[in-house]
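Sending over a structure as structure tokens; questions will come in a sec.
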Amino acid sequence: MEPEVLMSTKHQIKNGRPLNTRYVEAIISSGLVDDAGEIEDLDPKPLRYLEGNFICIRGDRAECLWIIVSGSVSVRDENRTLFVRGPNEVVGEQNLLGNGFLRMYDLVASESQVELLKIDRCDLEKHPHSKVLWRNIAKIISLKLKEATVKSSSLSRQLEDDTRILKAYMNEYALSRRLQAGSGRFTDYKMERAIIWFSDVVNFSRHVLEFAPTRTADIVQRFFNAQSSPLAECGGHIDKFMGDGMMAFWIMSENEPVGLMCSRAIKAAEEAVKAVGKIKIGTEALRLRIGLHIGLVVSGDFGSVARQQFTLIGPEVNKAARLEQIHADDVVEGETDIGAIRISSDFRDELADSMKQKYRHYSKVNAKNIGQVDLFS
């Protein structure tokens, strides 16, 4: 849509064109004519735009600048708004200097009615104080660059804060999958081979009712830290915290042997059991149970339309959870004294012989909703 040319009450005259007081005040307030004067020699042309109208488009030749009288103008890079300029500000001046005199961004009216004053480059060059005007334009650009630097610094700090928040709520693997998918869609679903970890602090729930909430929170923080550190050091990813329990995983990589990743998971589990055991409530040390299994899982974003969470699902995930929950009463054959770390036969098959010998205590157990399962501890 072409802009509407405005006629207004007479204030200053240039070639018979009336220029009202509001326009003169906008030009003066913009800083364009500091130390220059002779506003009428600029031959400013009043125009009106409606919301969404393009004032200029990227790639247009830069043959003028504009001063905003009322409303606001968005500086856009495609659909992304970089800046919003308001009354008494100059827009479109940067491309008058260099860059082949081509517009680098779109300028779009961003309110229902926007009034601008258009000043052509030729009138700037013919002005009696042209050098002063170009100096003022350079000063305006300098101030905008300073503003952009401050905004960039602020956005950088915000990005760092947002990244810290994301990392606090998402593991690195989930975050990388999310970034690959982009902001407009959920992550793709994948069938992947993974090591699945479930852990739980034995009988911790009975303490919760006895403690003040802040004391409970402190202990929970301590035993989750005791597990999180070895997990991270051994390449594992925390999936979620569930009360005093935790789910974690390793995704099998083509670049690393499965046996090596399983040995890392065992190392993380052993260090976690040891670290949690150093935490005492009075004289009673906390005890950790861990179930480790390896198998095919489906990974991706699951949940409702309103809220999604990246996680792993499938029968193998359930099996790992059941290994952690096994008690002596569930044993139907073999050892009834089950150790803190319980591994499936599939997981044990991937270990080196020395580690298999270490985890040699066999039990056949009834696992809830699964049936009989072989485990080693």
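With respect to Phe198, determine if the residue is touching a Gly at 6+ places or on another chain (Cβ under 9 Å), hydrophobic (A, V, I, L, M, F, W, C), touching a residue at least 40 places away in the same chain (Cβ under 8 Å) and under 16 Å from Gly291 (Cα atoms).
Taking the combined requirement at face value, the residue satisfies it.
Name the single residue that is modelled with the highest pLDDT among those in segment 282-309 being in a strand (DSSP E or B) and among the polar types (S, T, N, Q).
Initial filter on segment 282-309 (in a strand (DSSP E or B)): 284-285, 288-303, 308-309.
Imposing the further condition that a residue be among the polar types (S, T, N, Q) reduces the set to 299, 308-309.
Values: Ser299: 91, Gln308: 80, Gln309: 84.
Out of the qualifying residues, it is Ser299.
Let me ask something else. Against the definition (in contact with a helix residue (DSSP H, G or I) (Cβ under 6 Å, 6 or more places away or on another chain) and either at pLDDT 80 or above or more than 30 Å from Gly71 (Cα to Cα) (or both)), how does His127 come out, yes or no? Give the derivation first.
Values: in contact with a helix residue (DSSP H, G or I) (Cβ under 6 Å, 6 or more places away or on another chain): yes; either at pLDDT 80 or above or more than 30 Å from Gly71 (Cα to Cα) (or both): yes.
Answer is yes for this residue.
Could you list all residues from segment 191-205 that are among the hydroxyl-bearing types (Ser, Thr, Tyr), open to solvent by 30 Å² or more (accessible area, probe 1.4 Å) and not in a helix (DSSP H, G or I)?
Just the residues of segment 191-205 that are among the hydroxyl-bearing types (Ser, Thr, Tyr), to begin with: 199, 205.
Filter once more, so that each one left must be open to solvent by 30 Å² or more (accessible area, probe 1.4 Å): 205.
Within segment 191-205, none qualify.
Residues in segment 108-128 that are in a loop (DSSP other than H, G, I, E, B) and in contact with a Gly (Cβ under 7 Å, 6 or more places away or on another chain): how many?
Step one: of segment 108-128, the residues in a loop (DSSP other than H, G, I, E, B) are 110-112, 127-128.
Going one step further and asking which of them are in contact with a Gly (Cβ under 7 Å, 6 or more places away or on another chain), we end up with 111.
Total meeting the criteria: 1.
Continuing with the same structure: What is the residue count in segment 130-183 for residues that are more than 24 Å from Gly86 (Cα to Cα) and either part of a loop (DSSP other than H, G, I, E, B) or modelled with pLDDT under 85 (or both)?
Looking only at that region, the number is 28.
For a quick check of your reading of the model, give me the residue pairs whose first member lies in segment 270-296 and is without any contact (Cβ under 8 Å) to a residue 60 or more places away in the chain, whose second is hydrophobic (A, V, I, L, M, F, W, C), with beta-carbon atoms closer than 6 Å and at least 6 apart or on different chains.
Ala275/Ala226; Gly277/Ala285
Still on this model: Give segment 294-323 a look and list any residue that's of a type outside the set (Gly, Ala, Ser), open to solvent by less than 50 Å² (accessible area, probe 1.4 Å) and closer than 11 Å to Ala367 by Cβ, or say none.
Once the filter is applied, which keeps residues that are of a type outside the set (Gly, Ala, Ser), open to solvent by less than 50 Å² (accessible area, probe 1.4 Å) and closer than 11 Å to Ala367 by Cβ, segment 294-323 yields Lys319, Leu323.
From the residues in segment 324-370 that are assigned to a strand (DSSP E or B) and open to solvent by 30 Å² or more (accessible area, probe 1.4 Å), which one is nearest to Val273 (Cα to Cα)?
To start, the set of residues in segment 324-370 that are assigned to a strand (DSSP E or B) comprises 331-334, 341-344, 362-367.
Keeping just the survivors that are open to solvent by 30 Å² or more (accessible area, probe 1.4 Å) gives 332-334, 362, 364, 366.
Details: Val332: 26, Glu333: 26, Gly334: 23, Tyr362: 20, Lys364: 23, Asn366: 24 Å.
It comes out as Tyr362.
Also: Going through segment 62-107 one residue at a time, which ones are of a type in the set (S, T, N, Q) and either on the phi > 0 side of the Ramachandran plot or not in a loop (DSSP other than H, G, I, E, B) (or both)?
Applying the first criterion (of a type in the set (S, T, N, Q)) to segment 62-107 yields 70, 72, 74, 79, 81, 88, 94-95, 99.
Answer for segment 62-107, where residues must be of a type in the set (S, T, N, Q) and either on the phi > 0 side of the Ramachandran plot or not in a loop (DSSP other than H, G, I, E, B) (or both): Ser70, Ser74, Thr81, Asn88, Gln94, Asn95, Asn99.
Could you tell me whether segment 206-223 includes any residue that is surrounded by fewer than 19 Cβ atoms within 10 Å (Cβ to Cβ), of a type outside the set (Lys, Arg) and in a strand (DSSP E or B)?
Within segment 206-223 (the criterion being surrounded by fewer than 19 Cβ atoms within 10 Å (Cβ to Cβ), of a type outside the set (Lys, Arg) and in a strand (DSSP E or B)), the answer is no, since none of the residues qualifies.
Output the residues belonging to segment 130-148 that are under 31 Å from the mean Cα position of the chain (by Cα) and open to solvent by 90 Å² or more (accessible area, probe 1.4 Å). Step through it out loud before you land on a result.
Keep residues of segment 130-148 that are under 31 Å from the mean Cα position of the chain (by Cα), which gives 143-148.
Leu143, Leu145, Lys146 - these are the residues of segment 130-148 that are under 31 Å from the mean Cα position of the chain (by Cα) and open to solvent by 90 Å² or more (accessible area, probe 1.4 Å).
While we're here: Which members of segment 114-129 meet the condition of being surrounded by 14 or more Cβ atoms within 10 Å (Cβ to Cβ) and within 24 Å of Ile55 (Cβ to Cβ)? Before the answer, list the steps.
Quick first cut of segment 114-129, residues surrounded by 14 or more Cβ atoms within 10 Å (Cβ to Cβ) only: 114-121, 123-124, 127, 129.
Scanning segment 114-129 gives Val114, Glu115, Leu116, Leu117, Lys118, Ile119, Asp120, Arg121, Asp123, Leu124, His127.
How many residues does segment 224-242 contain that are more than 17 Å from Glu172 (Cβ to Cβ), part of a helix (DSSP H, G or I) and open to solvent by 70 Å² or more (accessible area, probe 1.4 Å)? I'd like the intermediate steps shown before the answer.
Narrowing segment 224-242 to residues more than 17 Å from Glu172 (Cβ to Cβ): 224-226, 242.
Those left that are additionally part of a helix (DSSP H, G or I): 224-226.
Going one step further and asking which of them are open to solvent by 70 Å² or more (accessible area, probe 1.4 Å), we end up with 225.
Total meeting the criteria: 1.
Something else about it: Only one residue in Leu19, Leu47, Leu42, Leu32 is open to solvent by less than 70 Å² (accessible area, probe 1.4 Å), more than 18 Å from Val91 (Cα to Cα) and either touching a strand residue (DSSP E or B) at 6+ places or on another chain (Cβ under 7 Å) or at pLDDT below 85 (or both), so which one is that? Before the answer, list the steps.
Numbers: Leu47 fails: more than 18 Å from Val91 (Cα to Cα); Leu42 fails: more than 18 Å from Val91 (Cα to Cα); Leu32 fails: more than 18 Å from Val91 (Cα to Cα).
Just a single option satisfies the conditions, and that option is Leu19.
For segment 85-110, enumerate the residues that are loosely packed, with under 14 Cβ neighbours inside 10 Å, of a type in the set (A, V, I, L, M) and more than 17 Å from Asn136 (Cα to Cα).
Leu102, Met104, listed by residue number.
The values are calculated or read from the model by the stated rules, or taken from the named source; none is laboratory data. What you see is a predicted model; the values in this text were computed from it and never measured. Positions of Cβ are backbone-derived with ideal geometry, glycine not excepted, and every protein chain shown enters the neighbour counts. Just the protein is used for accessible areas: all its heavy atoms, side chains included, with ligands, DNA and RNA removed. Shrake-Rupley method; radii C 1.70, N 1.55, O 1.52, S 1.80 Å.
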